[in-house]
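Right, one structure below, let's go through it.
Read-outs throughout are calculated quantities, based only on the coordinates presented, and are distinct from any laboratory measurement. What you see is a predicted model; the values in this text were computed from it and never measured. Here Cβ is always computed from backbone atoms with ideal geometry, including for glycine, and neighbour counts include all displayed protein chains.
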Amino acid sequence: MIHLEKRAEPSKTWTAFTPVLAVILTMIAGGLMFAALGKDPFEALRTIFYDPLFSEQFSAYSRPQLLVKAGPLILIAIGLSLGFRAGIWNIGAEGQYIIGAICGAAVGLALYPSQSWLIYPVMILAGAFGGWAWAMIPAILKTRFNTNEILVSLLLVYVAEQLLASMALSTLRNPEGNGFPGSRNLSQHWATSNPELISGTGMHIGVLFAFIAVIMAYIMLNKHMLGFQIRLTGESPRAAQFAGVNPTRLILICLGTSGALAGLAGLFEVSGPAGQVSIDFNVGYGFTAIIVAFLGRLHPVGILLAGLLMALTYIGGELAQFMLGLPGASIQAFQGMLLFFLLGVDVLTNFRIRIGHGGKK
Amino acid sequence: MSDLLLDIKGLTKAYPGVVANDDVSFSIQKGEVHALLGENGAGKSTLVKMIYGLVRPDKGDMQLKGATFAPQEPRAARASGVAMVFQHFSLFDALNVAENIALGMENPPKQRELAKRITEVSQAYGLPLDPTRMVGDLSAGERQRVEIIRCLLQDPSLLIMDEPTSVLTPQEVEVLFKTLRKLREEGTSILYISHKLEEIRAICDAATILRRGKVVATSDPKTASARELAELMVGSTLHQPERATQELGDVMLEVNDLSTASASPFGTSLKSINLKVRKGEVLGVGGVAGNGQDELLAALSGESLSSANSVIIDGNPIGNLGPNDRRHIGVLSAPEERLGHAAAPDMSLTENALLTGSKRENLAENGFINWGKTREFAEKIISDFDVRTPGPSHVARSLSGGNLQKFVIGREILQRPEVLVVNQPTWGVDAAAAADIRQALLDLAAAGTALVVISQDLDELMEISTNFAALHHGHLSETRPCKGLTVDEIGLMLGGANAAA
């Protein structure tokens, strides 16, 4: 018989090791799934995890993609992790990402075609503001009327998507675009573009911001009272109240920060890799970032690694679809397995497994 | 030896880093009230958990009524006739008594039948209880009756009781003892865990004393004195708290017409509380659990806010200030619930030291935490208050209840409070640690701090308080000097007799 025994203290070894174990289990279960689909599992796994980085044929294209995809994931996940640590659940980063992109792009488009180095910083501010403002809706509703931020933030994603479609079709549509939906291409205009900083690496300003966010979050969580209050609130809300933490302030800060970072990610995407405001601008970074945040155990460094891993499964997944004809749904199932196993093996951090009959150990 | 009910031989249970029970042997006779005595961390809980099937021993065996007894889980223990009343009740506030009891049964009978049996049992054992009442409306004593009746319905041959009197008034203790005596007459054995030595002397027939996981003595509590028992338990001579007689200073804490609504539907609202505490005074606030103790502490600590003038410290109105602003001017507090309120269970002791110490100990500069200094503060608490732990990096929930309580009280005392409010400072704490904590509180008073000690332990309050008041349904009685107060008068105050006056 197998049973679980609670540990006196959470195991430090397992805290670090469970993500690795989850990845291994995902590879095994995913391999079985690919085999069931009639593909060679080893080839599929190699295509997903190895080829994007090291294959001579593809790496020139896919290696830079790693940072391009990981950047927004990390930036958004860092913001989300602050709230998640405190038990404040912003599920609507996708919406904040869209609004950030719209606001930032709107500033850039309004000032088109002026040439000033000041334009891009203003766009960055506008992007952050847009995401922040969108996140303030669930925040204020929660603090004033005690509404559930999970539902409000999630539903606002769909509002944001409608707004995005409307912007792409009318307000922000390219006047020289022959009536096609979508705005002017921001990345083709010097003053509004988010270029690759080092060519061939995929490194753009947004990736830089993501790395800075990792460092700032690390410092805040470990060295600053605000980080301590966030962790305390998540661990024990009553103890946090006793310690004098103001829950309203914390909700506003956590939702605001995650919204602003998601907005920034949207702005960097719209002015860089995506280039323009279009109907299908958002591709689910805001939702995937939730997985990234948990995969990284809500720890800044963990999120950095998780973001890179998640980006890899995206790029590798695309490659596998293209090369091996794997269905897109199987790639999504594969990514889902990753979260499933991570949450599943999480139990090992706080419990140890005992095998055998009862007391005799 | 046909009278032997439970015979335990060589039980051993080790946890990582600590041997909780080391070769423990003792036996319980039929119809005996057997006391299990020991300091916190002596291994009492582990031992009864093994008897009740919650924990499996590494070594050793148990015999129940002559047959091998190795329960795999509580259900098996119950089937063999072992029942347990826990220190913490597992009852649902929003269900009635009969529904709560049904939840713990294997095959609950129909509600009406069950209600009838509950009434029968409660009358037979002198434990009045209405099966249709909501548990949320019951006092702690009545809740305990629910747990006891739940056990008695199984007709147990051994009833384990973990600190049963910690939540009872003196009158309720008398009722409980009558029930226990009746059970004993009927041949039911009782394993009685308590720190209150006088009680053990009053009701128990035999006592097994544990120290650091080992049986150090078996004693007859009828002939041994409370002091002898305590010294066996602690393994050294017990220190009695001393108080210096001194003049009281100016009024430090004043509460005027304080009323707060309770945050929880089953809490108690405070109704127009008035009190004054002088420098060097210890105001003991008695009362049965659930009469507004938590709410009073919250109102004084700043967790619940009121109008500015309802709480005045040294002439300054502070009723509208939060916990940290109050700490800043020296109003500190230690709530009853150690894990999850006074301390965060999964955070280290260093982090828990920061929890209330950040302001007064200057542990953070411009919001940036000085971890080195915080760790030193935690280490100082640990060494000054003899907190037994391998070090400040261990999480709060890894400490035993008494050790964590010493940490929590020590954390506030070391911050040199002007006013200190504590709720149940020695609840579930062993005799030696309790004496240390009381002495520390008295020393603080001697140094001029104004103290409010909320407790359900009347002996404790009489021992350390200058003045006494009682909470009843959210009202506070008038304050009276402890000297010359009789047990009857206290009982009346606890019952709210003069609260309306």
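Odds and ends about this structure:
- Under a Gaussian network description of chain A, with springs only between Cα atoms under 10 Å, the residue in A:Ala289, A:Ala110, A:Ala262 that fluctuates furthest is A:Ala110.
- Here the protein assembly as shown carries DSSP beta bridges of which approximately 55% are antiparallel, counting only pairs with both residues inside.
- Inter-chain Cβ neighbour average for residues A:240-252, partner chain, 10 Å: 5
- Residue-by-residue Karplus 3J(HN,Hα) for segment A:276-290, coefficients 6.51, -1.76, 1.60, Hz, glycine and proline x: 8, 7, 9, 4, 9, 4, 7, 10, x, 4, x, 7, 4, 4, 5
- In this structure, the amide hydrogen of B:Val311, modeled 1.01 Å from its nitrogen in the peptide plane, lies closer than 5 angstrom to those of B:Asn256, B:Ile318, B:Gly319, counting only residues at least 5 positions away or on a different chain.
- Between the alpha-carbon centres of segment B:334-397 and segment B:466-499 there is a gap of 36 Å.
- Highest mean packing first, where packing is the average number of other Cβ atoms within 10 Å per residue, the peptides B:214-224, A:85-95, B:295-305, B:438-448 line up as A:85-95, B:295-305, B:438-448, B:214-224.
- Taking the fewest neighbouring Cβ atoms within 10 Å as the starting point, the ordered list for B:Asp162, B:Asp459 is B:Asp459, B:Asp162.
- Derived scalar couplings between HN and Hα for segment A:131-146 equal x, 4, 5, 5, 6, 5, 4, x, 5, 6, 4, 5, 6, 7, 10, 6 Hz in order, rounded to whole Hz, by the Karplus curve 6.51 cos²θ - 1.76 cosθ + 1.60 (θ = phi - 60°), x for Gly and Pro.
- Whichever lysines have a C-alpha closer than 28 Å to that of A:Lys39, once near sequence neighbours (fewer than 8 apart) are set aside: A:Lys69
- Its Cα centre serving as origin, the protein assembly as shown has a Cβ charge dipole (Lys and Arg +1, Asp and Glu -1) of approximately 1260 debye.
- Using a Gaussian network model of chain A in which every pair of alpha carbons under 10 angstrom is joined by a spring, one finds that among A:Phe351, A:Phe281, A:Phe49 the greatest mean-square fluctuation is at A:Phe351.
- Partner lysines for B:Lys483 [C-alpha distance under 20 Å; skip if fewer than 8 residues away on the same chain]: B:Lys276, B:Lys279
- Highest-MSF residue in chain A out of A:Val292, A:Val207, A:Val152 [GNM, Cα springs under 10 Å]: A:Val152
- Amide H contacts under 5 Å for B:Leu210: B:Leu37, B:Gly38, B:Val216, restricted to partners 5 or more places along the chain or on a different chain, H placed in the peptide plane at 1.01 Å from N.
- Within-13-Å neighbourhood charge of A:Gly202 [Cβ basis; K, R +1; D, E -1]: 0
- Each stretch of four or more DSSP H residues adds -39500 (n - 2.57); spread over every residue of chain B, this sum gives -9500 deg cm²/dmol at 222 nm.
- Each stretch of four or more DSSP H residues adds -39500 (n - 2.57); spread over every residue of chain A, this sum gives -23000 deg cm²/dmol at 222 nm.
- Sequence of A:His299, B:His88 once ranked by neighbouring C-beta atoms within 10 Å, starting from the fewest: B:His88, A:His299
- Under-5 Å amide H pairs with B:Ser333, H placed in peptide plane, nonlocal only: B:Val421
- In a simple Cβ point-charge model (Lys, Arg +1; Asp, Glu -1; nothing else charged), segment B:358-463 has a dipole of about 480 debye relative to its Cα centre.
- Positive-end residue, the protein assembly as shown charge dipole about Cα centroid, Cβ charges, pick of A:Val107, A:Pro52, B:Ala440: A:Pro52
- Chymotrypsin sites (Phe, Trp or Tyr not before Pro) restricted to DSSP loop in segment A:102-177 with at most 13 other C-beta within 10 Å: A:Trp117
- Each DSSP beta bridge with both residues in segment B:4-234 is either parallel or antiparallel, and the antiparallel ones are about 55%.
- Solvent-free Debye scattering, log10 I(q)/I(0), computed from the Cα coordinates of the protein assembly as shown at q = 0.06, 0.10 Å⁻¹: -0.52, -1.16
- Under 15 Å from the Cα of B:Lys222 - aspartates and glutamates, other chains or at least 8 residues apart: B:Glu32, B:Glu198, B:Glu199, B:Asp205
- Its Kirkwood hydrodynamic radius, worked out from the mean inverse distance over all distinct Cα pairs, puts segment A:53-325 at 18.9 Å.
- Under the Karplus curve 6.51 cos²θ - 1.76 cosθ + 1.60, θ = phi - 60°, whole-Hz ³J(HN,Hα) for segment B:187-193, x wherever Gly or Pro sits: x, 7, 8, 10, 9, 10, 9
- Antiparallel DSSP beta bridges within chain B, as percent of all bridges there, nearest 5: 50 percent
- Average other protein chain Cβ within 10 Å of Cβ, residues A:225-237: 5
- Overall, segment B:4-234 carries a charge dipole of about 340 debye about its Cα centre when +1 sits on the Cβ of Lys and Arg and -1 on the Cβ of Asp and Glu, all other atoms neutral.
- Partner chain coverage, peptide B:335-348 - average Cβ within 10 angstrom: 4
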